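Participant: Let me give you the structure first, and then I'll get to my questions.
The values are calculated or read from the model by the stated rules, or taken from the named source; none is laboratory data. All values derive from a computational prediction rather than experimental measurement. Counting neighbours? That spans all protein chains shown, and the Cβs are built from the backbone with ideal geometry, glycine included. Quick note on the areas: whole protein, heavy atoms, side chains included, nothing else; ligands and nucleic acids left out. Shrake-Rupley method; radii C 1.70, N 1.55, O 1.52, S 1.80 Å.
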Amino acid sequence: MAAKSRDQRRKRAPNGRTVKRKTAVGVKRKVQKRAPASGVVEAALAAFAHEVRTPLTGILAISDLLATSELGERERRWADTIKAGAEHLASLANLFVDAAKSRDTSRKTGRAGSNGLREDLFNLRALARSAGDSLAGRAAAKGLQADVDISAALPALVVGDAIRLRAALENLIDNAVKFTESGAVALAAMPVKEAVGRKKGKGKGKGKVSIAFAVSDSGIGLTLQEIKRLFRPFSQANVSIAARFGGAGLGLSSVKQIARMMGGDIAVAPRRGGGTTFTLTVALENAEASQDPASPGEAHMSAAIPPLRILGVEDNPFGRVVLNTILSELGHNAEFIGRGEAAIERIELGSFDAVLMDMVLPGIDGVEAIRRIRELRPPLGRIAIIGVSGRGDDEAASRAAGADAFLLKPVSPRALATALLEATRRAATAT
């Protein structure tokens, strides 16, 4: 009976096109139903990344303070490795948030976004050393020998996407340690002899240099057939190995994508004596600068700044603890409140030298709170104000509202000291 009913429906259809059109509509409806789910996942990831930045702020701040205390050489390297790892996680969290914003803008405007690569000035030698410390730390925890070789010819200052480069290296390092039961792992970083020139008709100046990172291990090794499957998404070289060591098979596919985006590639080869070597190459812009990007603000830090009484407007208890710890170490006294409206009242009642104003608050936001403070009678309305946010695009709005300086979370002692100096100097000039 059911079969007859299906035949009758087919006969009633005028032609095959009608059936195909219905099928296409059905597929379209299914796609439309799935689309919101994708948006929900993206929003959830962005929200998760935003929340992760708060505890990372604390980890970075405490590791900064730890680095300034009396430590042995070994302990100092541990503290530096913790800090570098937290900085990398914070940067990845920022990428999630920025990517979600970019996709949202693309949906609203109908325009496709760029490939998302950053163009930041960074210290390549420092990044390579940090990756080497990460390799050494993981190897030591597993009882493996670690060998790190950073070429003296490696350029110091370059322009490129340091976040994605570090992510790719961390993936290769993680695999090398994971698949090595005994023996050694190694990282080597060096410039490739043949410089990568600029594309014809594009760009000016210094051109690019090709950098190679080789991550080696004495682990389980790979057959030629397994190597061919390595860089496919959701593919493992060997099913039994995947069951033993874990992993979804996305890592190396992502590394290859990053390498290609950065003008390079990734290659894999068996290692003499057993194991495997992965070689990641990227093209980075040469940069000529007299100042190390890791040390901006050192001149400010050396300047004497008197003890200040600071009003912190921060509703997150963890954020308060972090800021209060840093301010205490810098020699300042702080009082904290959780709402922007209360900040105006507190400034009118108390005697403060500066305000740390978080941008995201219950009630009125940080931008509106800054505007209202600036409307107070002199000299209260000219108090030094520092905007604080985990979103870099909040800086323009906070300065337009009247902030003298801006701090991007996670906040470091050096950045906070520099911002306080900048803000108090600007406020003194304005009065």
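Participant: Quick one: D149 ticks every box in (1) open to solvent by less than 50 Å² (accessible area, probe 1.4 Å); (2) under 23 Å from V209 (Cβ atoms) except a single one, so which number is it?
Facilitator: Every condition holds for D149 apart from (1).
Participant: Scan segment 340-359 for residues that are out of contact with any Leu (no Cβ under 8 Å at 6 or more places or on another chain) and open to solvent by less than 20 Å² (accessible area, probe 1.4 Å) and jot them down.
Facilitator: Correct list: M357, D358, M359.
Participant: Let me ask something else about it. Looking at G205, G137, G221, G201 in this structure, which one is under 24 Å from G85 (Cβ atoms) and either in contact with a Gly (Cβ under 6 Å, 6 or more places away or on another chain) or modelled with pLDDT under 85 (or both)? Walk me through how you get there before you give the answer.
Facilitator: On the way: G205 fails: under 24 Å from G85 (Cβ atoms); G221 fails: under 24 Å from G85 (Cβ atoms); G201 fails: under 24 Å from G85 (Cβ atoms).
Result: G137 is the single residue among G205, G137, G221, G201 that is under 24 Å from G85 (Cβ atoms) and either in contact with a Gly (Cβ under 6 Å, 6 or more places away or on another chain) or modelled with pLDDT under 85 (or both).
Participant: Then there is this: Go through segment 264-280 and report how many residues are touching a residue at least 24 places away in the same chain (Cβ under 8 Å) and open to solvent by 40 Å² or more (accessible area, probe 1.4 Å).
Facilitator: Adding up the residues that qualify gives 4.
Participant: Among the residues of segment 375-408 satisfying the criterion of being part of a strand (DSSP E or B) and of a type in the set (G, A, S), which is surrounded by the most Cβ atoms within 10 Å (Cβ to Cβ)?
Facilitator: G387
Participant: Still on this structure, I have one more. What residue, of A334, A369, is farther than 30 Å from L66 by Cβ and among the aliphatic types (A, V, I, L, M)?
Facilitator: Only one candidate passes the filter, namely A369.
Participant: Okay, moving on. Go through segment 48-90 residue by residue and tally those that are at pLDDT 70 or above, open to solvent by 50 Å² or more (accessible area, probe 1.4 Å), in a helix (DSSP H, G or I) and of a type in the set (A, V, I, L, M, F, W, C).
Facilitator: 6
Participant: Please work out which residue is modelled with the lowest pLDDT, limiting yourself to segment 304-330 and to residues that are in contact with a Ser or Thr (Cβ under 7 Å, 6 or more places away or on another chain) and assigned to a helix (DSSP H, G or I).
Facilitator: Here the answer is F318.
Participant: Are any residues in segment 409-431 open to solvent by less than 20 Å² (accessible area, probe 1.4 Å) and free of Cβ contacts under 8 Å to residues at least 60 places away in the same chain, and if so, which ones?
Facilitator: A419
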